[in-house]
Amino acid sequence: MSSKRTRSSQSSALKSNTKPTTISSKNPAFEQVLIDNDIYPINPGNKPDNWEEIQDRLAQLRASLLPSRFSDGAFETFLMKNEEVVTKAQIMSEVFPMFMGQTDIPSGYNQIFNNLEPLGANISSPQPNFFNGSRTAEIWPKVQNDLMQYIIPSSEQYCLALPNFITEVKGP
């Protein structure tokens, strides 16, 4: 796969003789660390084989954002509330629920994903602000055991599995 950056231009954050730095997605060197571990960002010359299918799926309307579910009034309420909040905690408790609506999908907050196979060396464990997933009780025990480091993100006893919707909140 081609990319503007190559392995020979490894990030300086990982070349020093000191203890390896743990890189998070917030670090400017994160993308280079992924490239160094054979995970390449999408660019015009490097598209996955199912690119057209991905584009078609992304173009489909989602029920949660249809005008019948998120009216102009709800959008105005969001804008006003977004102007009032100051902290990330306020956003998660007062603004974010406006987008999520009422659902019975299992979800979690601020759980450190310390049980997943790492994407590469020195990459820190993610800790999303919000995620949806499945209850581990709904997954066959053999599947859990065989795929644990790929489907069960946390070592916490009651953490959800198969996280499939992850949100990171920055600020107002």
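Taken over segment 138-157, the criterion of being in contact (Cβ under 8 Å) with a residue 12 or more places away in the chain and outside any helix (DSSP H, G or I) is satisfied by 139, 152, 153, 154, 155, 156.
Does segment 88-103 contain at least one residue that is in a loop (DSSP other than H, G, I, E, B) and either over 22 Å from residue 166 (Cβ atoms) or at pLDDT 80 or above (or both)? Quick ask: steps written out before the conclusion?
The first filter runs over segment 88-103 and keeps only residues in a loop (DSSP other than H, G, I, E, B), leaving 101-103.
Within this subset, residues satisfying the condition of being either over 22 Å from residue 166 (Cβ atoms) or at pLDDT 80 or above (or both) are none.
No, segment 88-103 contains no residue that is in a loop (DSSP other than H, G, I, E, B) and either over 22 Å from residue 166 (Cβ atoms) or at pLDDT 80 or above (or both).
Against the definition (over 19 Å from residue 23 (Cα atoms), among the hydrophobic types (A, V, I, L, M, F, W, C) and loosely packed, with under 11 Cβ neighbours inside 10 Å), how does residue 89 come out, yes or no? In short, no.
Identify all residues within segment 108-120 that are in contact with a helix residue (DSSP H, G or I) (Cβ under 8 Å, 6 or more places away or on another chain) and either outside the structural domain of residue 165 (by TED's automatic domain parsing) or loosely packed, with under 14 Cβ neighbours inside 10 Å (or both); write none if there are none.
If the condition is that a residue be in contact with a helix residue (DSSP H, G or I) (Cβ under 8 Å, 6 or more places away or on another chain) and either outside the structural domain of residue 165 (by TED's automatic domain parsing) or loosely packed, with under 14 Cβ neighbours inside 10 Å (or both), then 109, 117 are the ones that fit.
Applying the selection to segment 121-137, what residues are under 16 Å from the mean Cα position of the chain (by Cα) and either exposed (fewer than 13 other Cβ atoms within 10 Å of the Cβ) or assigned to a loop (DSSP other than H, G, I, E, B) (or both)? Matches in segment 121-137: 124, 125, 126, 127, 128, 129.
The values are calculated or read from the model by the stated rules, or taken from the named source; none is laboratory data. Quantities reported herein were computed from a predicted structural model and do not represent experimental measurements. Ideal geometry is used to build each Cβ from the backbone, glycine not excepted, and the neighbour counts take in all protein chains shown.
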